[in-house]
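The values are calculated or read from the model by the stated rules, or taken from the named source; none is laboratory data. Remember, predicted model here, so these are calculated numbers, not experimental data. So basically every Cβ, Gly included, is an ideal-geometry build from the backbone, and we count neighbours across all protein chains shown. For the accessible areas, the whole protein counts, side chains as well, though only heavy atoms, and no ligand, DNA or RNA atoms are used. Shrake-Rupley method; radii C 1.70, N 1.55, O 1.52, S 1.80 Å.
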Amino acid sequence: MLAARVYGKEDLRLEDVARPKVDSPTDVIIKVKMVGICGSDNHIYHGENPFVVLPRVMGHEIVGEVVELGSQVADLALGDHVVVEQISYCGKCYACRQGMPNVCSHLEALGVHKDGGMQEYLKITPMQAHKINKDIPWSTAVLAEPYTIAGNSTTRGQVTVGKTLLIQGAGTIGLLTLRMAKAKGATVMITDIDDDKLAFAKANGADEIVNTQKEDLQQRVSAWTDGEMANVIIDAVGLPQTFEQCFNLISVAGAIVPLGMSEKCSQIPQKPIMQKALTIYGSRMQSYQFEPVIKALESGLLGDDGVVNQKFHIKDIQAAFDLMNNHPEQARKIVLTFD
């Protein structure tokens, strides 16, 4: 079968590898139908992901069809459509006991610590396989994992009805966070430097849009909230300067959720944290978000609606990464197909 493996910085190879087999009574083999290319995959491709172990088959936004099952797998059947949860965890460490398996001491993530979904077949555990209605198109189901990122960040930031939320960045995660927040009843402003992205965000429910290269964001937030400032900020850009800016844009008793993984230091004074009694929530991947997200997709509360706009066959994976890097304005969400 075909698999796309990264060996080093911009060293991406399409290889013929052995198809996985059922070795354990709890093994699940899926035929991968579609996998999304995430910004974190692009970081791996460029040698910029601090967590990855190389060489590695990337891909953690995975959907597929069950084709083989171990003898002890009771809750799945051949032909089931599944969304794959990318993490595996111990269930016993402090993080797991706190309901946060996404930071388990023994965490392993597909596409990072273990080979992921950019291959034709994948072996997973029953815990990682979440059934989804077969009527849901693969191009919608493939958004389940990134929607869980949105679900986790809005849950961590306690985004609820009546709150004002500022999302920095109208990329894929910013857009899905916008949709998740609107489903939870928040009023949302979203920023970017690309007018096309902002227009798409406006068409997808944003109450306010701001091009930060053309307008003063602090003035806009103040006017939007009658001087109160935003109750919650989710920074989906992840640059030191966008994180620093949060502290001038947040209201008293507010919550800031940084989603970036930059290793560069930010200059943050203690005073606004103390004076405003702020809470800063880290949000890594997701904890127990798959089931509610899948139910929302199945009910139509969440959907695709044009987010997935570029599809490449696995054989053309290099062209997919070239598009992502050379013409990012053309790609809201790139997915790889296998049929």
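A few comments on the model shown:
- For region 1-16, filtered to residues that are assigned to a loop (DSSP other than H, G, I, E, B) and without any contact (Cβ under 8 Å) to a residue 60 or more places away in the chain, the residue that is least open to solvent (accessible area, probe 1.4 Å) is Glu10.
- Tallying residues that are over 20 Å from Ile334 (Cα atoms) and assigned to a loop (DSSP other than H, G, I, E, B) within region 102-123 yields 5.
- In region 213-225, the residues that are without any contact (Cβ under 8 Å) to a residue 24 or more places away in the chain and closer than 15 Å to Asn248 by Cα: Asp216, Gln219, Ser222, Ala223
- The set of residues from region 300-339 being among the polar types (S, T, N, Q), in a helix (DSSP H, G or I) and over 22 Å from Ala203 (Cα atoms) comprises Gln318, Asn325, Asn326.
- Residues located in region 27-63, provided they are out of contact with any helix residue (DSSP H, G or I) (no Cβ under 9 Å at 6 or more places or on another chain) and free of Cβ contacts under 8 Å to residues at least 60 places away in the same chain: Gly47, Pro55
- Qualifying residue in region 170-191 (condition: over 20 Å from the mean Cα position of the chain (by Cα), farther than 30 Å from Lys295 by Cβ, open to solvent by 30 Å² or more (accessible area, probe 1.4 Å) and of a type in the set (Val, Ile, Thr)): no
- Residue, surrounded by the most Cβ atoms within 10 Å (Cβ to Cβ), within region 302-331, restricted to residues that are farther than 19 Å from Trp138 by Cβ and touching a residue at least 60 places away in the same chain (Cβ under 8 Å): Phe321
- Single match in Gly59, Gly99 (criterion: in a loop (DSSP other than H, G, I, E, B), open to solvent by 10 Å² or more (accessible area, probe 1.4 Å), small (Gly, Ala, Ser) and on the phi > 0 side of the Ramachandran plot): Gly99
- Just one of (1) on the phi < 0 side of the Ramachandran plot; (2) open to solvent by less than 20 Å² (accessible area, probe 1.4 Å) fails for Gly238. It is (1).
- Considered as a group, the residues in region 250-266 that are part of a strand (DSSP E or B) and of a type in the set (A, V, I, L, M, F, W, C) include one that is nearest to Asn49 (Cα to Cα), and that residue is Val257.
- Per the listing Phe247, Phe243, the residue uniquely in a helix (DSSP H, G or I) and under 16 Å from Ser153 (Cβ atoms) is Phe243.
- Residues in region 267-297 that are open to solvent by less than 80 Å² (accessible area, probe 1.4 Å), in contact with a helix residue (DSSP H, G or I) (Cβ under 7 Å, 6 or more places away or on another chain), more than 30 Å from Leu110 (Cβ to Cβ) and assigned to a loop (DSSP other than H, G, I, E, B): Ile268, Leu278.
- Residue check for Arg19: without any contact (Cβ under 8 Å) to a residue 12 or more places away in the chain and surrounded by fewer than 16 Cβ atoms within 10 Å (Cβ to Cβ): no
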